[in-house]
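Before any comments, here is the structure.
The values are calculated or read from the model by the stated rules, or taken from the named source; none is laboratory data. Predicted model, so just to flag it, every value in this text is computed and none were measured. FYI the Cβ positions are ideal-geometry reconstructions off the backbone, even for glycines, and counts take in every protein chain you see. Keep in mind that these areas ignore ligands, DNA and RNA; they rest on the heavy atoms of the full protein, side chains included. Shrake-Rupley method; radii C 1.70, N 1.55, O 1.52, S 1.80 Å.
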Amino acid sequence: MNFDVELPGTPDTPEESEAQKLRMAQALQRERARHGLSLSEAAKRAGVSKSTLSQLEAGTGNPSVETMWALATSYGVQLAQLLDPPRGRISLVRLENLPQLPSSTASYSAALLSAGQTGQRRDVYLISAEPGLARESNPHTTGTVEHIVLASGRARAVCDGEEAVLEPGDFLTFAGDVEHSFEALEPGTRAVYVIDS
């Protein structure tokens, strides 16, 4: 089950990139308004700078996956709710059009494939990672469970001190409400990540 593909760092065209930024900006504005927070209060609550949040809400920033996770957590929503474009009855997601959220601490990026529908809390991501530092994740909401299917490369997942090394085709389930990490052990490591909460 190896996929010989190269993931782009940005959507196919500048227009698609701008549309993605605009959707994120609108979602961030909507969630901040829903909580009745000022820009300063929302930034402080998420642990990000006010200028970063201001740029993201204006659609001019380039967020890291860590920044978007922090904002989603502070607003009490799934990351997918801040990223997911509107979908019709049938939705085809082309690999070359997937906007990537890079990590600021590791050679790792996440691309949203599918967000859980209303009443569902299941989001699906495509992860692309290279050897280097592990992507460390703070505990998510109590009861969160994560699933990984490794598509290519090799990876190490650590959950609350327990470690598993994954080979292509391996499937791993672990608690997402404790500290956990994902580390690529070979170049071109890709995985499908499913988060249930």
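Averaging Cα coordinates gives a centre for the stretch 143-160 and one for the stretch 53-84; these two points are 23 Å apart.
Checking the a/c ratio against 1.5 first, then a/b against b/c, what shape does the Cα gyration tensor give for the stretch 58-197? Verdict is rounded for the stretch 58-197. Once you order the gyration tensor axes a ≥ b ≥ c over the Cα atoms, which shape class does the stretch 19-76 get: rounded for a/c under 1.5, otherwise prolate or oblate by comparing a/b with b/c? Since a/c stays below 1.5, the shape of the stretch 19-76 is classed as rounded.
Distance between the pseudo-spin-label points of Val149 and Ser114 (7 Å out from Cα toward the beta carbon): 0.9 nm.
Between Leu39 and Arg156, the modelled labels are 4.3 nm apart [label points 7 Å from Cα along Cα→Cβ].
Kindly identify the stretch 118-177 as rounded, prolate or oblate by the Cα gyration tensor criterion: order the square roots of the eigenvalues as a ≥ b ≥ c, call it rounded if a/c is under 1.5, otherwise compare a/b with b/c, prolate if a/b is larger, else oblate. Prolate, since a/c reaches 1.5 and a/b exceeds b/c. Estimated at 0.36 nm per residue, the fully extended path between Ser104 and Leu185 surpasses their Cα-Cα distance by 27.3 nm.
Across the protein chains, with a 1.4 Å probe defining accessible surface, the residues Asp123, Asp160 rank Asp160, Asp123 from largest area downward. A crude spin-label estimate for the pair Glu163 and Val192, with each label 7 Å from Cα along the Cβ direction, gives 2.8 nm. So what's the angle, to the nearest 10 degrees on a 0 to 90 scale, between helix 14-35 and the longest Cα principal axis of the chain? For 14-35 against the chain, the angle is about 70 degrees.
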